[in-house]
1. Determine which member of the set A:Ser161, A:Ser210, A:Ser206 is assigned to a loop (DSSP other than H, G, I, E, B) and either open to solvent by 10 Å² or more (accessible area, probe 1.4 Å) or not hydrophobic (A, V, I, L, M, F, W, C) (or both).
2. Do we have any residue at all in region B:104-113 that's within 27 Å of A:Gly36 (Cα to Cα) and surrounded by fewer than 16 Cβ atoms within 10 Å (Cβ to Cβ)?
3. Inside region A:235-284, can you point out the residues that are under 30 Å from A:Leu172 (Cβ atoms) and part of a helix (DSSP H, G or I)?
4. How many residues are at the interface with chain A (Cβ under 8 Å from one of its Cβ atoms) and surrounded by fewer than 24 Cβ atoms within 10 Å (Cβ to Cβ) if we restrict to region B:84-103?
5. Any residue in region A:153-167 that is under 30 Å from A:Ala17 (Cβ atoms), touching a residue at least 40 places away in the same chain (Cβ under 8 Å) and acidic (Asp, Glu)?
6. On the given criteria, is B:Met134 farther than 19 Å from B:Asp246 by Cα, open to solvent by 10 Å² or more (accessible area, probe 1.4 Å), within 11 Å of another protein chain (Cβ to nearest Cβ) and assigned to a helix (DSSP H, G or I)?
7. Exactly one condition in (1) at the interface with chain B (Cβ under 7 Å from one of its Cβ atoms); (2) open to solvent by less than 10 Å² (accessible area, probe 1.4 Å); (3) farther than 14 Å from A:Pro59 by Cβ is not met by A:Ala121; state its number.
8. Take region B:35-60 and flag every residue that is farther than 20 Å from A:Asp118 by Cα and either facing chain A (nearest Cβ under 7 Å) or touching a residue at least 24 places away in the same chain (Cβ under 8 Å) (or both).
Number of protein chains: 2
Amino acid sequence: VLEKIEALLGGSTLKPAPGERWFGDDAAVLQAPPEGHQVVICTDAAVAGVHCDLELVSPADLGWKAAIASISDLAAMGASPWCLVVTVAAPPALGVMEVMEGAIDAATVYACPIVGGDLTAAPVAMVSVAALGMVPSGRAVLRSGARAGDVLALTGELGGSAAGLEALRSQLDDHRVTLRHRRPVARVTEGAAALRSGAHAMIDISDGLSLDLHRMADASGVGFELDRVPVAPGASRAHALAGGEDYELLMATPDFEALCHSFADDGLELPLAVGRIVADPGRRLVEGAVDQPSGWCHDLS
Amino acid sequence: VLEKIEALLGGSTLKPAPGERWFGDDAAVLQAPPEGHQVVICTDAAVAGVHCDLELVSPADLGWKAAIASISDLAAMGASPWCLVVTVAAPPALGVMEVMEGAIDAATVYACPIVGGDLTAAPVAMVSVAALGMVPSGRAVLRSGARAGDVLALTGELGGSAAGLEALRSQLDDHRVTLRHRRPVARVTEGAAALRSGAHAMIDISDGLSLDLHRMADASGVGFELDRVPVAPGASRAHALAGGEDYELLMATPDFEALCHSFADDGLELPLAVGRIVADPGRRLVEGAVDQPSGWCHDLS
């Protein structure tokens, strides 16, 4: 099976640099990042029946979503994606290759090659993706950097993924809506632009705006006033506030204008200003009302 | 739950370097390897019921084994372990924390800190571990470097893990035997010593000596003559030849004496010479008889 994956990857435009070795050995060998860079690493998993309903999305969608979740975590640091290693566990009948193909699609779109992996039988389909990135030394944008007075900004409207899931459940075949659930995108260029503009803090909206905003506030020891919740077409306010899996970036910046300039320089859609950071860590307002963290939680604690 | 893991890790002697960030953010930030080094990356998974029977081994053993499988892949390149990211998926009742504790134990023993991870509910327990290592540039010991005339050497006797599994199944409580199955070790120092001595090729015995030896021969375009199969105490020849999960290293070296000196310099038990590489790729002999690849295979193709 690993040979088949290598053949799939052989068609990719992404190729090992001289001296590198991808796949085919016990481990992959990679050139180190250029001087002045740090390494960024994260991992994310998608389990059929927990993160994804394979009655509603394809095995390839499962692979795509797991890869995007990890690439988005790199984006949320302002890091450049570097490479992925992908583990696919699935019942033989499911089509391990199809799951892997979805991950390869994402890897290709984000120029973040899959350099190694593992395939195994399992009673239930699961994908685990570890992503490596690089970032200029000391410049990674953490969750914990938000300061009173920072503007809160988003890379886009929210709730599309949750609305897409609802549409799929209702057997509505509105491609524009369902695609946001099946094939979310990672805001890699936006994350790098935010880093460049001097953003103080950043997090990707994986579990819902409310929950992830509270996480940023907790990590930074601050509060927030969110003035508005930008809602994606076809989505509700509840989808936008607590739906999750949109993978837009939430940024706290001392200079919203600089952020906009940085986005414009890269030809990106301008970020949306949605509120501000305040000093009082107990102050947590969404459209004037006290907000309890809401969003997507694993039932594990 | 991630907080609990951070607390567990807080007790470790492994600490982030200045400017590093482990856990607690979207991704971990690490200092790049020293100049003149390449990055090595691999991933390995263990699934309950496929790789491990949780009636026989504990959830902590599952975590240990998954971590060791990845660390051993680093060892088989001659790489120094650097860090791990660990995904644990498990039914809430199983004890996700116990699985993670096994992985943390392995990380501590091999000074290879867990810097990030993901935890999720799943109908079946599964651990996926991605491991990063570093190796002097251009020096990684591949599977494909074996040349006619090389001596084949092993870091130790084989079959202990398979014998241990059999003992567990027979409810024999011979700790010395069962430990080899529950808590295999990775030959990290040995792998580095092999690299230093100029070994041509290396692979870890994860799926059985026969299968992994054929893999090395296939990758190198050569044949082999294996004169003997070193059998671990309590194990049979079949265990040793096709049992797998021993994680001893198989090395092909042009200079067995140099290999022994390198091992002795590090205070290691001397490697065992077991055969030689021959030019004819069709010649595959074990103790004089033609060998068909045998070992542990996933049923996935």
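The values are calculated or read from the model by the stated rules, or taken from the named source; none is laboratory data. All values derive from a computational prediction rather than experimental measurement. Don't worry about glycine lacking a Cβ; one is built from the backbone with ideal geometry, like all the others, and counts go over all protein chains shown. These area figures cover heavy atoms from the full protein model, side chains too; ligands, DNA and RNA do not enter into them. Shrake-Rupley method; radii C 1.70, N 1.55, O 1.52, S 1.80 Å.
1. A:Ser206
2. yes
3. Hits for region A:235-284 are A:Arg237, A:Ala238, A:His239, A:Ala240, A:Leu241, A:Ala242.
4. Pass one, region B:84-103, residues at the interface with chain A (Cβ under 8 Å from one of its Cβ atoms): B:85-87, B:89, B:92, B:96.
After this cut, where a residue has to be surrounded by fewer than 24 Cβ atoms within 10 Å (Cβ to Cβ) as well, the list is B:92.
Matching residues across region B:84-103 total 1.
5. So far as region A:153-167 goes, no, none of its residues is under 30 Å from A:Ala17 (Cβ atoms), touching a residue at least 40 places away in the same chain (Cβ under 8 Å) and acidic (Asp, Glu).
6. Details: farther than 19 Å from B:Asp246 by Cα: yes; open to solvent by 10 Å² or more (accessible area, probe 1.4 Å): yes; within 11 Å of another protein chain (Cβ to nearest Cβ): yes; assigned to a helix (DSSP H, G or I): no.
It is false that B:Met134 is farther than 19 Å from B:Asp246 by Cα, open to solvent by 10 Å² or more (accessible area, probe 1.4 Å), within 11 Å of another protein chain (Cβ to nearest Cβ) and assigned to a helix (DSSP H, G or I).
7. It is condition (2) that A:Ala121 fails.
8. Narrowing region B:35-60 to residues farther than 20 Å from A:Asp118 by Cα: B:35-38, B:54-60.
Passing the criteria: B:Gly36, B:His37, B:Gln38, B:Leu54, B:Leu56, B:Val57, B:Ser58, B:Pro59, B:Ala60.
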